[in-house]
Each structure stands twice: as structure tokens, then as C-alpha cells.
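One structure below.
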Amino acid sequence: MTMGKRTQATAMEIRLLREGIIESRHIAQAVVCDDRGRVLTVAGNSETAAFIRSALKPFQALAVTTTGTLERYDLSDRDLAIMTSSHKGRIDQVRQVFNILWRADLDPTILQCPIPEGKHSPLEYNCSGKHAGMLAVCQQRRWPLNNYLDRKHPIQQLILGKVAELLRMPAAEFISAHDDCGAPTYLMQLGHMASLYALLASSTNLDMERIVRAMTHHPAMVAGDGEFDTELMRLTPGELVSKSGAEGVQCIGRLGEGLGLAIKVMDGTKRAKHAVAIHLLKQMGWISPSAAESLSEKFATLGKYTRLEVIGELSFL
């Protein structure tokens, strides 16, 4: 990383307007980096730290694409896409997760992600694809299966090593915590998140390029109909790769240009990150006016009387 000196500008404000009158406010920070880790534009502070949460999933999937696991179990791009997903537990998504386990000769009961409230199986949990991918690697490498979520387990060390290599940082410097699904997630500067997505989008690494192809060719596996990541990638085929994270995290890569955008809404609000993403993508020319309008109708217009308005922009420093 070449983050250089502390890099900051005015943060962005997201307003909930009820018939044009401000009812609520959110604050967001955002940064754009290139695939060399350079901060290009920023709103807020590029060194703000946050847990990357589920936006880490495309990079956790590197454990599958770099170990021969896809080939060993004849896994498809749809399988790879569900490994990166925060899915809705739809029947087609659950079946795709089951397919990974079946091909690797694993029983679904070995999954250690939670069973969603009101559901019957961990297969229905939004992170089950990620867990299935981890277990497939463990099966292929003959690593222990019962403790695959432990930070010191070989699969988690492999994933951490891949992320550390991409960011050119010592693995020992990363601060980890358990995500809600039980797997480790990492505290990162927003600039690090943006740099990861710039690298993902740069088309210079065959393993990451396959992950991008899986996500962009099968966007319904990555989230689901009506969800932001799915709808954005459908509207921009072959142009953007998008993955959300909980607590107001949103990351997007501009394919072929090696540019990455990372957003963090400071109070963790989901609705605000979507509004910021649409606002910035339109500002940067990453989406067309018609795509921006379509996304705004779905994600910035909240009801008959309420909508979101974003104040601010990315600044060159």
C-alpha cells in the first residue's frame, strides 16, 4: 500500500426527507483507490478503520480458486458465485450451496454458520456459501473439518495470507474479530478496502478474474432479486463488481480500470450506503443516468412520502 500521509476531506451527509423536510441524517465516508493502493479521491478520511464484514467474501473465495478445489470437485461459476454471496435463502440459492457440499462429499450438518430464525437448516443462512467453500478446501487438503472457523485453522490462515499478500502487509498486523456467522473478519482502513476492490477489478490475476466472472455472470447468486448488489451488476453487465457488508459497508470495483470504491456509513445504516453508492457512481460516470434513475427508484425512494438525499462529493487531494 502507498497510502502516504493522512488523507481526508469533508464527509458526506445523507438526509431522509419526509415531503422535503429533513427527518434524519446519516454521515458516510468513501474513498476511491487504484490497484497500486493510491488514494485518488476521498470523502471523509481514507484511514478510517472498519470491519470489512461480508465485503471480504470475494477474497475468502481465493482459497477455493488458488488450491485446485474448483477442479477437484468440478465446481461451476454458479458455485463460486454463491461462495461470495450474502444470499436470501431462496430455494435455488440453498440448492447451490448444497451442490458444493455434495460434490465434496460433505454433509450439510458440518456447517457451523447459524440456522436463521424461523428456518430449519444452516444452508439457509446468508453466509452458507462461504462456509461451504471453506469446507470444500478443507476436504480437498485433508484439513480438520470440525474447527474450520478457528483463526489458527489452516483455511483461515490461507485466507489471511492471501489478503495480506494483496495489500502487501504482514499478516500479523491484521486485527480480526468473529463475524456474525462465526468466521473471522478483519478491521481495515477504507483505503485498504478500496484497494482490494481495485485489485479485484484489474483483470491482472486469473484467480480473481474468475471470481469476478462468477459474480457478474450470476448476480442473482451474490445477493438476490431486488437486492442492491444483484441489481447494480445486472444494470452494468461486465462493468462493475459489487459486494455489500453489514454495518454500512459497500465495496465496488470498476472492471478493467483497476479502480475500487469503499463506503462506510458511520452509524451502520443499510439504506444510507445504497444512496451514497448511487450518488457516487453517478458522479464518477460509472453508471448511466438511466441506471442511476432505476437504482434510485428502488433504493433511494423509501415510500410515498420519503426519500434519501445525499450531500457531498468525492474530492481530489
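Go over the candidates Asp207, Asp267, Asp225 one by one and state the one that is among the acidic types (Asp, Glu), more than 15 Å from the chain's Cα centre (by Cα) and under 21 Å from Val310 (Cβ atoms).
Details: Asp207 fails: under 21 Å from Val310 (Cβ atoms); Asp225 fails: under 21 Å from Val310 (Cβ atoms).
None of the others qualify; the one that does is Asp267.
For segment 223-240, how many residues are surrounded by fewer than 20 Cβ atoms within 10 Å (Cβ to Cβ) and of a type in the set (Ser, Thr, Tyr)?
Summing the residues that are surrounded by fewer than 20 Cβ atoms within 10 Å (Cβ to Cβ) and of a type in the set (Ser, Thr, Tyr) in segment 223-240 gives 0.
So which of Leu17, Leu75, Leu62 ends up being more than 30 Å from His218 (Cβ to Cβ) and either surrounded by fewer than 18 Cβ atoms within 10 Å (Cβ to Cβ) or not basic (Lys, Arg) (or both)?
Numbers: Leu75 fails: more than 30 Å from His218 (Cβ to Cβ); Leu62 fails: more than 30 Å from His218 (Cβ to Cβ).
From the options Leu17, Leu75, Leu62, the qualifying one is Leu17.
If I go through segment 78-108 residue by residue, how many of them are out of contact with any Phe, Trp or Tyr (no Cβ under 7 Å at 6 or more places or on another chain), more than 27 Å from Tyr197 (Cβ to Cβ) and open to solvent by less than 50 Å² (accessible area, probe 1.4 Å)?
Matching residues across segment 78-108 total 4.
Could you tell me whether segment 172-181 includes any residue that is under 28 Å from His192 (Cβ atoms), of a type in the set (Val, Ile, Thr) and surrounded by 20 or more Cβ atoms within 10 Å (Cβ to Cβ)? Break it down stepwise before answering.
Step one: filter segment 172-181 for residues under 28 Å from His192 (Cβ atoms), giving 172-181.
Now drop any that are not of a type in the set (Val, Ile, Thr), which leaves 175.
This time we only want the ones that are surrounded by 20 or more Cβ atoms within 10 Å (Cβ to Cβ), so: none.
Scanning segment 172-181 turns up no residue that is under 28 Å from His192 (Cβ atoms), of a type in the set (Val, Ile, Thr) and surrounded by 20 or more Cβ atoms within 10 Å (Cβ to Cβ).
Can you find a residue in segment 109-130 that is within 20 Å of the chain's Cα centre (by Cα), in a helix (DSSP H, G or I), hydroxyl-bearing (Ser, Thr, Tyr) and crowded, with 17+ Cβ neighbours inside 10 Å?
Checked against the condition, which is being within 20 Å of the chain's Cα centre (by Cα), in a helix (DSSP H, G or I), hydroxyl-bearing (Ser, Thr, Tyr) and crowded, with 17+ Cβ neighbours inside 10 Å, segment 109-130 yields at least one hit.
For (1) closer than 24 Å to Gly37 by Cα; (2) part of a helix (DSSP H, G or I); (3) open to solvent by 50 Å² or more (accessible area, probe 1.4 Å); (4) at pLDDT below 95, each residue gets a yes or a no:
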{"position": "Val212", "(1), (2), (3), (4)": "yes, yes, no, no"}
{"position": "Ser242", "(1), (2), (3), (4)": "yes, no, no, no"}
{"position": "Gly260", "(1), (2), (3), (4)": "yes, no, no, no"}
{"position": "Ala275", "(1), (2), (3), (4)": "no, yes, no, no"}
{"position": "Leu295", "(1), (2), (3), (4)": "no, yes, no, no"}
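Go through (1) under 21 Å from Thr65 (Cα atoms); (2) without any contact (Cβ under 8 Å) to a residue 12 or more places away in the chain; (3) touching a strand residue (DSSP E or B) at 6+ places or on another chain (Cβ under 9 Å) for Leu206 and report which single condition fails.
With (1) under 21 Å from Thr65 (Cα atoms); (2) without any contact (Cβ under 8 Å) to a residue 12 or more places away in the chain; (3) touching a strand residue (DSSP E or B) at 6+ places or on another chain (Cβ under 9 Å) applied to Leu206, the lone miss is (3).
Where in segment 1-94 are there strands (runs of 3 or more DSSP E), lying fully within it, with 1 or more residues that are among the small types (Gly, Ala, Ser)?
On the way: elements: 12-18, 21-34, 39-43, 49-51.
In segment 1-94, 21-34, 39-43, 49-51 are the strands (runs of 3 or more DSSP E) which contain 1 or more residues that are among the small types (Gly, Ala, Ser).
If only one of Ala198, Ala220 is open to solvent by less than 50 Å² (accessible area, probe 1.4 Å), within 29 Å of Pro116 (Cβ to Cβ), small (Gly, Ala, Ser) and part of a helix (DSSP H, G or I), which one is it? Even if it seems obvious, please write down each step before you answer.
Details: Ala198 fails: within 29 Å of Pro116 (Cβ to Cβ).
That would be Ala220, the only listed residue that is open to solvent by less than 50 Å² (accessible area, probe 1.4 Å), within 29 Å of Pro116 (Cβ to Cβ), small (Gly, Ala, Ser) and part of a helix (DSSP H, G or I).
The values are calculated or read from the model by the stated rules, or taken from the named source; none is laboratory data. Owing to the predicted nature of the structure, the values given are computational and were not obtained by experimental measurement. Backbone-built Cβ (ideal geometry, glycine too); neighbour counts: all protein chains shown. What goes into the accessible areas is simple: the full protein's heavy atoms, side chains included, and nothing from ligands, DNA or RNA. Shrake-Rupley method; radii C 1.70, N 1.55, O 1.52, S 1.80 Å.
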